[in-house]
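The next block holds one structure in the form of structure tokens; read it before the comments.
The values are calculated or read from the model by the stated rules, or taken from the named source; none is laboratory data. It should be emphasised that the depicted structure is a prediction, and the values quoted were computed from it without experimental measurement. Note that each Cβ is placed from the backbone with ideal geometry, even for glycine, and that neighbours are counted across all protein chains shown.
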Ligand SMILES: [Zn+2]
């Protein structure tokens, strides 16, 4: 079958179809992924107790669990007719039975591309590099297992096994781990020549899919990445078709689904019935929660109850609460990793605190049931893949400014925003009409620099952009008071290592100037002898740094350089962040929620009809250096919030009630509210009194979290 000729409509399921066939996938808000990793050579399995585990999961209220059938070591935890090495007991099957008896759904975990035992028994299935060498597992990092090639016999071997356990046990779904190949050099710490996979099966498949072309010709090109993604796509299609022949429908997802893990992974992701990803830090969990909630399918994010996977030191309970909160607030399922020792035991202290944690999570989920997050800024991620979109600075700046925001892959999913932020390559030519429509209806758009000369956005603006001279740094000097707010007076903002484009002046309002450095710094001592100050106009040409044009009743601003820097790399240089935030605030003209207080407080607003919850998450708690095991929680002094009820869809100021916080005053269309944080995530409620007065069922009021 030629490339992409198979749309696989029989196995690509819409969100509605998944909801109909597998309603529990979306409804189960808490899931566990216990890690019982115990290969054959771990002799002592005396503490393995499937009844006690299932009882513990029941007590925690986990609606579903993801249980290992095989981990990267390749040792199967159930007796498979396709392997020589057999377990002494059906570890997987016994757990399935004890869980199903308690009404808990079981999702089998299957380690796909990493399988050391299959790789040892079938060296011909292992991936090979360009020189036809087996890829040697690298013990210096994660990939210390045999990598398997799905174009080899391993592909059908894996499918047979999954069909086998889905037939044998009471299961509704399959979850795959490691649906990718090692990153290409230099990201895999390798040198050129270590690209994979170039096994004979891959050579054969490539020639078949690309009308006789040769795999070796794809080396170093995006065609090779397309081939790798196509390998996984075809595998998933074959797997889903095999599962479709079983008596009952089986759902399928995999780790990283929806993230576009690598180039062309949109073709792989669309085969997943729900979106799923690990998220161990504030940025990915906030970003993926928002992005996934805009993609239609049910989603889960996961992290561990211990410091990392397969570790024995527990995270603090407050951190578990914070980690689960963002996902639950955005309507997703939170999946918690729980580690077993190889003998089967689980930390008692961990198990003991989980029921209370789960209660708090369920309480939160109940409060946001049938509601949706409110956002005023949308960030376009376009075709960017996961690693690139992390660390771009969007989240740092927006969350620290308490800007209600979301992420999307297209204009359509973000059109509820008043302002859309993007980089020039995030918008395709096909999306330009939707963008223009958004602008004409009064929307604001900011396109971060440097602008790609041939990007659709440059064409839309009908501008020629040129790469500016390559310098060590650039400076931006705001021309408006709004943009200069909080900056040092007349002091240009420094951007290190900045790439810049030269923007036109004609037909645009210039909001900021781009200033090159006075001299290039070549030696360390140049900082003393050739002052590396921003150049005066008489010394070097200034160019536009931020330009704006009106379109309909909206406007679009383009930047010469990347304004949204990741904050982590800019320690002790708060000025770019301040400038970026000023720009967002000036384009928004009135922010829905503002906090006078710590920047570490992230705000999420959820709305159900005219009932609005303001959620405040203490992200400082995620910065591990401040965590205290004993006190476990930071108590802030009461914080002051300024809220615009109209922006939150609540209507007139005088008809808005507050529950769980104190109304200090009402002035100039805004409410000033005093609120005391209780724990790492707490909320208060606003409601329209006019609707309650006319509503026949006022008893539906939700109580604020205590
Ligand atoms: Zn191969």
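Some values worked out for this structure:
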read-out: Among residues of segment 481-500, those that are surrounded by fewer than 19 Cβ atoms within 10 Å (Cβ to Cβ) and either touching a strand residue (DSSP E or B) at 6+ places or on another chain (Cβ under 6 Å) or closer than 20 Å to residue 392 by Cβ (or both), counted; value: 4
read-out: Residues located in segment 347-360, provided they are surrounded by fewer than 22 Cβ atoms within 10 Å (Cβ to Cβ) and in contact (Cβ under 8 Å) with a residue 12 or more places away in the chain; value: 347, 349, 350, 351, 353, 355, 356, 357, 359, 360
read-out: The lone exception for residue 146 - which of (1) within 25 Å of residue 269 (Cβ to Cβ); (2) at pLDDT 90 or above; (3) crowded, with 18+ Cβ neighbours inside 10 Å; (4) in contact with a helix residue (DSSP H, G or I) (Cβ under 8 Å, 6 or more places away or on another chain) it fails; value: (1)
read-out: From the options 237, 178, residue that is within 30 Å of residue 63 (Cβ to Cβ), within 16 Å of the ligand (Cβ to nearest atom) and touching a residue at least 60 places away in the same chain (Cβ under 8 Å); value: 178
read-out: Failed item in (1) within 27 Å of residue 136 (Cβ to Cβ); (2) away from the ligand (no atom under 14 Å from the Cβ); (3) more than 31 Å from the chain's Cα centre (by Cα), with residue 205 passing the rest; value: (2)
read-out: Search result, residues across segment 44-71 that are surrounded by fewer than 23 Cβ atoms within 10 Å (Cβ to Cβ) and part of a loop (DSSP other than H, G, I, E, B); value: 44, 45, 46, 47, 48, 49, 61, 63
read-out: Criterion violated by residue 160 - all others in (1) away from the ligand (no atom under 16 Å from the Cβ); (2) surrounded by fewer than 20 Cβ atoms within 10 Å (Cβ to Cβ); (3) part of a loop (DSSP other than H, G, I, E, B) satisfied; value: (3)
read-out: Of all residues making up segment 187-198, the number that are within 15 Å of the ligand (Cβ to nearest atom) and either out of contact with any helix residue (DSSP H, G or I) (no Cβ under 8 Å at 6 or more places or on another chain) or under 23 Å from residue 387 (Cα atoms) (or both); value: 4
read-out: The lone exception for residue 87 - which of (1) touching a strand residue (DSSP E or B) at 6+ places or on another chain (Cβ under 8 Å); (2) in contact (Cβ under 8 Å) with a residue 60 or more places away in the chain; (3) surrounded by fewer than 22 Cβ atoms within 10 Å (Cβ to Cβ) it fails; value: (2)
read-out: Residue in segment 216-230 that is assigned by TED's automatic domain parsing to the domain that holds residue 124, part of a loop (DSSP other than H, G, I, E, B) and within 16 Å of the ligand (Cβ to nearest atom) present; value: yes
read-out: Index of the failed condition, residue 549 passing every other in (1) outside the structural domain of residue 510 (by TED's automatic domain parsing); (2) outside any loop (DSSP other than H, G, I, E, B); (3) surrounded by fewer than 23 Cβ atoms within 10 Å (Cβ to Cβ); value: (1)
read-out: Index of the failed condition, residue 109 passing every other in (1) touching a helix residue (DSSP H, G or I) at 6+ places or on another chain (Cβ under 9 Å); (2) surrounded by 16 or more Cβ atoms within 10 Å (Cβ to Cβ); (3) not in a loop (DSSP other than H, G, I, E, B); value: (1)
read-out: In segment 235-260, the residues that are part of a helix (DSSP H, G or I) and crowded, with 22+ Cβ neighbours inside 10 Å; value: 235, 236, 239, 240
read-out: Check on residue 395, within 27 Å of residue 608 (Cβ to Cβ), under 16 Å from the mean Cα position of the chain (by Cα) and part of a helix (DSSP H, G or I); value: yes
read-out: Residue in segment 163-175 that is farthest from the ligand (Cβ to nearest atom), counting only those that are touching a helix residue (DSSP H, G or I) at 6+ places or on another chain (Cβ under 6 Å) and part of a loop (DSSP other than H, G, I, E, B); value: 170
read-out: Matching residues in segment 412-456 - criterion: being at pLDDT below 95, in contact with a strand residue (DSSP E or B) (Cβ under 7 Å, 6 or more places away or on another chain) and assigned to a helix (DSSP H, G or I); value: 424, 426
read-out: Flag for residue 152 being under 15 Å from residue 236 (Cβ atoms), assigned by TED's automatic domain parsing to the domain that holds residue 197 and modelled with pLDDT of 95 or more; value: no
read-out: Hey, residue 5 at pLDDT below 95, within 20 Å of residue 310 (Cα to Cα) and surrounded by fewer than 19 Cβ atoms within 10 Å (Cβ to Cβ) or not; value: no
read-out: Set 150, 114: member being within 25 Å of residue 228 (Cα to Cα), in contact with a strand residue (DSSP E or B) (Cβ under 9 Å, 6 or more places away or on another chain), within 16 Å of the ligand (Cβ to nearest atom) and in contact (Cβ under 8 Å) with a residue 12 or more places away in the chain; value: 114
